[in-house]
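Below is one structure, written out as structure tokens; comments come after it.
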Amino acid sequence: MNDHAVTQVYEDRFGAVTDRADAGYVEIRWYDTTETMTVAQFHDWLDRFAGEVERRRRAGVLVDGTSFLMNQSNMDDEWRNEYIVPRYNAAGVRKFAFHMPEGMPAIGQAPAVEGPASFPTAYFARRQAALDWLASLGAA
């Protein structure tokens with residue numbers, strides 16, 4: 001991989017979005033300041049991120065949620081499935097990886113299509129495992 005094609009496209013107090021063109025994915029890295037994030041701020045962030053995914057048109061997406069601390073009761077899968085996932089589908093996403101803290105129940109399960117997605121999603125405890133999976137974009 002050539003590191004010269006790594007471009008940070010957005011950052012604020014909650015996280016950063018990086019385009020990793022040579023590796024074929026867009027990454028969102030959440031910061032621990034998400035502990036104070038509201039539902040509206042989370043929705044705004046996902047909307048902004050989906051816009052970057054649409055602009056970059058990479059086959060892979062990596063979400064680094066190892067420092068994501070927003071209250072899980074604020075998560076709204078129905079909203080995400082209605083307003084965000086169709087944008088990922090239209091942008092040509094083929095794999096969606098989550099790098100999450102150890103102990104998350106979904107870690108280690110086989111990649112699977114979730115909700116209205118046209119791509120598999122997988123959960124990893126190790127960043128390198130997520131990167132290896134994304135690097136094999138020809139295979140699910």
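One residue stands out among those in segment 29-59 that are farther than 15 Å from MET75 by Cβ and aliphatic (A, V, I, L, M): the one that is surrounded by the most Cβ atoms within 10 Å (Cβ to Cβ), which is VAL53. Residue count for segment 33-72, restricted to those that are within 15 Å of ALA16 (Cβ to Cβ) and of a type in the set (A, V, I, L, M, F, W, C): 9. The selection criterion, being surrounded by 14 or more Cβ atoms within 10 Å (Cβ to Cβ), farther than 17 Å from PRO116 by Cα and touching a residue at least 40 places away in the same chain (Cβ under 8 Å), holds for LEU62.
Enumerate the pairs (first residue in segment 13-38 and part of a helix (DSSP H, G or I); second residue anywhere and charged (D, E, K, R) and surrounded by fewer than 20 Cβ atoms within 10 Å (Cβ to Cβ)) with beta-carbon separation below 6 Å, excluding pairs fewer than 6 apart on the same chain, so at least 6 apart or on different chains. As it stands, the answer is THR33/ARG13, since those pairs meet every condition given. Please tell me if ASP76 is under 22 Å from ASP32 (Cα atoms) and among the charged types (D, E, K, R). Against the criterion (under 22 Å from ASP32 (Cα atoms) and among the charged types (D, E, K, R)), ASP76 qualifies. Tell me, please, whether a residue that is free of Cβ contacts under 8 Å to residues at least 40 places away in the same chain and touching a helix residue (DSSP H, G or I) at 6+ places or on another chain (Cβ under 7 Å) can be found in segment 100-107. No, the conditions are met nowhere in segment 100-107. Scanning segment 103-110 for any residue that is at pLDDT 95 or above, among the small types (Gly, Ala, Ser), touching a Pro at 6+ places or on another chain (Cβ under 7 Å) and surrounded by fewer than 19 Cβ atoms within 10 Å (Cβ to Cβ) turns up nothing. Which of the residues spanning segment 1-20 are surrounded by 15 or more Cβ atoms within 10 Å (Cβ to Cβ) and either among the polar types (S, T, N, Q) or touching a helix residue (DSSP H, G or I) at 6+ places or on another chain (Cβ under 9 Å) (or both)? Across segment 1-20, the qualifying residues are VAL9, TYR10, PHE14, GLY15, VAL17, THR18, ASP19, ARG20.
With respect to the conditions (1) under 25 Å from SER136 (Cβ atoms); (2) modelled with pLDDT of 95 or more; (3) part of a helix (DSSP H, G or I); (4) in contact with a strand residue (DSSP E or B) (Cβ under 8 Å, 6 or more places away or on another chain), VAL63 lacks only one, and its number is (3).
Candidates VAL93, VAL113: the one that is aliphatic (A, V, I, L, M), touching a strand residue (DSSP E or B) at 6+ places or on another chain (Cβ under 9 Å), at pLDDT 95 or above and closer than 17 Å to ARG48 by Cα is VAL93.
A single entry from GLY51, GLY92, GLY65 fulfils the requirement of being over 17 Å from GLU11 (Cα atoms) and either more than 12 Å from the chain's Cα centre (by Cα) or of a type outside the set (D, E, K, R) (or both): GLY92.
The values are calculated or read from the model by the stated rules, or taken from the named source; none is laboratory data. Only a predicted model underlies this, so the values are computations on that prediction, with no experimental measurement involved. FYI the Cβ positions are ideal-geometry reconstructions off the backbone, even for glycines, and counts take in every protein chain you see.
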